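K.L.:
Have a look at this one.
The values are calculated or read from the model by the stated rules, or taken from the named source; none is laboratory data. On a predicted model such as this, the values are computed, not experimentally measured, just so you know. So basically every Cβ, Gly included, is an ideal-geometry build from the backbone, and we count neighbours across all protein chains shown.
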Amino acid sequence: MSPASRSTTTTLTVAIDGPAGSGKSSVAREAANRLGFGILDTGAAYRALAWAALETGTDLDDEAAMIALLDSWRYSITLVGEQRVEVVLNDAGQDRTAFFDVTAEIRDPAISGQVSRVSKHPAVRDRLNGMFRELVAASGLPGVVIEGRDITTVVAPEAPVRILMTASPEVRAARRAGELPGLSPEQVLADIAARDAKDALVVDFFTPAPGVTLVDTSELDFEQSVQAVVDIVREAQT
């Protein structure tokens, strides 16, 4: 697509929120594929920043240090096709830059365990939210599905399509247990209950904000969940 055509393309933003195990990530990706849209996994940026902090010895609990790290990095993620996440770090003291493909590394459990230390900083969230908006605006795509946390209320509150995808704790536990060998549904359910209680202090994953469409996948299989999202988007396009 030429620069001229990109500049005249209006990108339809589809914002999808939801708790762990609701199916939002896999459903959002497949719905985007069927619609011919891009997909933006916002969680990947938080993971990449956690990785960069560990790589550079930055204190993840120091908000100012994390902002300084953001000032020294460039982040890119593919919005179409197989996801690829890249980070370029600039070492001002050494006057050099270093490129890293962190697609695989950011899925390591050791990185996952540090993400909450990154996301707790309001200034970091504000900076990354601005980056997400810029990625969508510059995509040149007919549409982009953004999925993650606080997408419908903070990241893209003006999106033409906003969806809260949820499911009962028992259903979410069963789904996650299938993805986590060695853990029983009971163990995963306890973890989800604890996470829900923590999330409830800052976000309501079960009551949609005004203008947000609720999609409860408790009784829906994967195909039905994808179709529900596709139908909502297509209705908005008419």
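K.L.:
Can you name the residue in region 83-97 that is at pLDDT 90 or above and not basic (K, R) and, of all such residues, is farthest from R29 (Cα to Cα)?
P.N.:
This residue is L89.
K.L.:
Quickly run through region 134-156 and pick out the residues that are surrounded by fewer than 22 Cβ atoms within 10 Å (Cβ to Cβ) and among the hydroxyl-bearing types (S, T, Y).
P.N.:
Correct list: S139, T153.
K.L.:
Right, another one. Outside the structural domain of R234 (by TED's automatic domain parsing), surrounded by fewer than 17 Cβ atoms within 10 Å (Cβ to Cβ) and touching an Asp or Glu at 6+ places or on another chain (Cβ under 6 Å), is that true of S76?
P.N.:
So S76 fits the description; yes.
K.L.:
Residue check: is T217 of a type outside the set (A, V, I, L, M, F, W, C), under 20 Å from the mean Cα position of the chain (by Cα), more than 21 Å from R117 (Cβ to Cβ) and at pLDDT 95 or above?
P.N.:
no
K.L.:
Could you say whether any residue in region 157-175 is crowded, with 19+ Cβ neighbours inside 10 Å, within 15 Å of the chain's Cα centre (by Cα) and in a helix (DSSP H, G or I)?
P.N.:
Checked against the condition, which is being crowded, with 19+ Cβ neighbours inside 10 Å, within 15 Å of the chain's Cα centre (by Cα) and in a helix (DSSP H, G or I), region 157-175 yields no hits at all.
Residues checked against (1) in contact (Cβ under 8 Å) with a residue 24 or more places away in the chain; (2) more than 25 Å from A156 (Cβ to Cβ); (3) not assigned by TED's automatic domain parsing to the domain that holds A159:
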site	(1), (2), (3)
A50	yes, no, yes
L54	yes, yes, yes
T58	no, yes, yes
L70	yes, no, yes
E86	no, no, yes
T103	no, no, yes
I106	yes, no, yes
Q114	yes, yes, yes
V124	yes, no, yes
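K.L.:
Name the pairs: first residue in region 22-44 and assigned by TED's automatic domain parsing to the domain that holds R176 and within 14 Å of A167 (Cβ to Cβ), second residue assigned to a loop (DSSP other than H, G, I, E, B) and modelled with pLDDT under 95, Cβ to Cβ under 7 Å, at least 6 apart or on different chains?
P.N.:
Sorted first by the residue in region 22-44, then by its partner, the pairs are S22/A167; S22/T217; G23/A167; G23/T217; K24/G18.
K.L.:
Name the residues in region 201-213 that are surrounded by fewer than 12 Cβ atoms within 10 Å (Cβ to Cβ) and under 20 Å from the mean Cα position of the chain (by Cα), would you?
P.N.:
L201, V202, T207
K.L.:
Quick check: anything in region 87-97 in a helix (DSSP H, G or I) and of a type in the set (G, A, S)?
P.N.:
No, that holds for no residue.
K.L.:
Continuing with the same structure: Check whether at least one residue in region 119-140 is of a type in the set (A, V, I, L, M), under 25 Å from A31 (Cα atoms) and not in a helix (DSSP H, G or I), and report yes or no.
P.N.:
yes
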